[in-house]
Structures are given as structure tokens and as C-alpha cells.
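Asker: Dumping the structure here so I can ask a few things about it.
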């Protein structure tokens, strides 16, 4: 398991698609896609991806938009 380094810097990231609460979220710098999904209420039951997907460990960047497919 990787250690995460968080800072007090805030970033804004948009998430849409197969997520319970799509929208723009304020996150701490050092947050991952998994952190964002959790903050947005989690995946919809019929979502085509899993929280175990390795790509969700990538660090988010300010202004990033993530689309998890059609709702």
C-alpha cells in the first residue's frame, strides 16, 4: 500500500457518470480518484468499474475532469 502525502493546498476536480453525486469537488492536493469517488457518494450499483481499479490511485490535478461513463 502506498503512503499518501496530503497538503493544505486545495484543488477542484469534476466527476461525472456512474457516480451517486456528480459535480465539482474541492479536494486536498495529493488526493486520488478513489478519494474523489468516495467524496461523491460512491459508484452507482450498475457502474462498470470497481473501486479496486488501479487507475484510481493516480493523483488528481487541479481542474481535472473525470468521466465514469453514462449514468
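The values are calculated or read from the model by the stated rules, or taken from the named source; none is laboratory data. These numbers were taken from a predicted model, which means no experiment stands behind them. Note that each Cβ is placed from the backbone with ideal geometry, even for glycine, and that neighbours are counted across all protein chains shown.
Asker: Suppose we filter 50, 29 for residues that are exposed (fewer than 11 other Cβ atoms within 10 Å of the Cβ) and at negative phi; which single one remains?
Answerer: 50
Asker: I've got another one for you. Report yes if residue 63 is touching a strand residue (DSSP E or B) at 6+ places or on another chain (Cβ under 6 Å) and at positive phi, otherwise no.
Answerer: So residue 63 fails the test.
Asker: Just to be sure, is residue 23 surrounded by fewer than 14 Cβ atoms within 10 Å (Cβ to Cβ), in contact with a strand residue (DSSP E or B) (Cβ under 9 Å, 6 or more places away or on another chain) and modelled with pLDDT of 95 or more?
Answerer: Taking the combined requirement at face value, the residue satisfies it.
Asker: Working only within the stretch 3-16, note down all residues that are surrounded by fewer than 17 Cβ atoms within 10 Å (Cβ to Cβ), closer than 23 Å to residue 54 by Cβ and at pLDDT 95 or above.
Answerer: 14, 16
Asker: Just checking, does the stretch 48-57 include any residue being modelled with pLDDT of 95 or more and out of contact with any helix residue (DSSP H, G or I) (no Cβ under 8 Å at 6 or more places or on another chain)? Steps first, answer last, please.
Answerer: So the first thing to find is which residues in the stretch 48-57 are modelled with pLDDT of 95 or more, and the list is none.
The answer is no; no qualifying residue exists.
Asker: Return yes when residue 55 is under 12 Å from the mean Cα position of the chain (by Cα) and in contact (Cβ under 8 Å) with a residue 24 or more places away in the chain and no when it is not.
Answerer: No.
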